[in-house]
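Everything on this sheet refers to the single structure shown next.
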Amino acid sequence: MLELRNINTFYGEFHAIRDISLKVSGGDLFLVVGPNGHGKSTLLKTICGLLRPASGQIIFDGKPIAMLPTDKIVEMGLVYVAEDRHLFPQLTVMQNLKLGAYNVHARGKEKENLDYVFQLFPILREFCDREASTLSGGEARMLTLARGIMSCAKFLAIDEPSFGLAPIVRNEVFNRINDINGNGITVLLVEQNVTHVLDFVDRVCLLEDGRIVFGGDKKEALLNDHVKEVFLGG
Ligand code: ADP
Ligand code: MG
């Protein structure tokens, strides 16, 4: 479904992503782990068109996307879900959701997708007339995920969804991500709380200094001493 071939991304002179190749199969939940500042967010932003790779190829659903603008990539169903700052705080929950349904495919499926997100996150139905700025951290995180679904995502790239959340809310967010994945949306997840998501994960890659130092399925990951060290530290 998604394939990266020898991707390199720079910030000016700084070489943040170094020759990364990986494959994410349709339906998988693919976990990216690694210490802070080692390129996880940069990798997601490169995939989703927010940063341009200096070299390499990104193939999504059989098509090269590395040179496409973000809105075209979203239209193909590849959606980046970052922190809540991407919400529009002065708009209501419903208005934020409808903005997610802006692309051509999503417009026709707005009603269907809305039913699905309200089923996943009943609290958003309850709060649909509230300004997004009044939501708690966990509710805002749910709204960002819901907005991704409203875009008709087939593939969600989710960056540290638990960041700043209390454990109970964090676990709810993880469970909803598992539900979303179970309903057929492929997920590329960056997450530090590895032990809490491990049950859901199919494949794991470990990023250090912008390079993949381990890639494999969950079983292999749990047999690798270096990966285990990072897991237990996370
Ligand atoms: P992670 O998500 O793994 O914490 P990032 O991908 O955010 O790491 O950052 C990887 C490296 O790139 C870090 O060394 C960081 O300082 C650097 N970096 C991130 N964003 C920028 C930027 N906008 N300009 C320059 N350097 C950046
Ligand atoms: Mg990051």
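Throughout, read-outs are computed from the coordinates displayed, never taken from laboratory work. It should be emphasised that the depicted structure is a prediction, and the values quoted were computed from it without experimental measurement. Heads up, the Cβs are rebuilt from the backbone with ideal geometry, glycines too, and the neighbour counts pull from every protein chain shown.
Hey, among VAL93, VAL33, VAL81, which residue is more than 16 Å from ligand 1 (Cβ to nearest atom), within 30 Å of ILE123 (Cβ to Cβ), buried (at least 18 other Cβ atoms within 10 Å of the Cβ) and not polar (S, T, N, Q)?
Unique residue meeting the criteria: VAL93.
Take the residues in region 27-42 that are within 13 Å of the chain's Cα centre (by Cα) and within 9 Å of ligand 2 (Cβ to nearest atom); name whichever of them is farthest from VAL187 (Cα to Cα).
If we take residues in region 27-42 being within 13 Å of the chain's Cα centre (by Cα) and within 9 Å of ligand 2 (Cβ to nearest atom), then THR42 is farthest from VAL187 (Cα to Cα).
Determine the pairs where a residue that is under 25 Å from PRO35 (Cα atoms), located within region 172-193, has a partner that is acidic (Asp, Glu) with Cβ atoms under 6 Å apart, the partner being 6 or more residues away or on another chain.
Within 6 Å, the pairs are THR186/ASP28; VAL190/ASP159; VAL190/GLU160.
Restricting attention to region 119-168, report how many residues are over 30 Å from ILE58 (Cα atoms) and within 16 Å of ligand 1 (Cβ to nearest atom).
The total comes to 1.
Mind listing whichever residues of region 198-226 are buried (at least 20 other Cβ atoms within 10 Å of the Cβ) and away from ligand 1 (no atom under 16 Å from the Cβ)?
Selection gives VAL201, ARG203, ALA221.
Output the helices (runs of 4 or more DSSP H) that fall wholly within region 1-116 and possess 2 or more residues being acidic (Asp, Glu), or say none.
The helices (runs of 4 or more DSSP H) meeting that bar are 70-75.
Given the structure, is VAL227 β-branched (Val, Ile, Thr) and closer than 11 Å to LEU31 by Cβ?
Answer is yes for this residue.
Yes/no per residue for (1) closer than 16 Å to GLN95 by Cα; (2) buried (at least 23 other Cβ atoms within 10 Å of the Cβ); (3) not acidic (Asp, Glu):
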| site | (1), (2), (3) |
| --- | --- |
| SER133 | yes, no, yes |
| SER136 | no, no, yes |
| ILE149 | yes, yes, yes |
| LEU165 | no, no, yes |
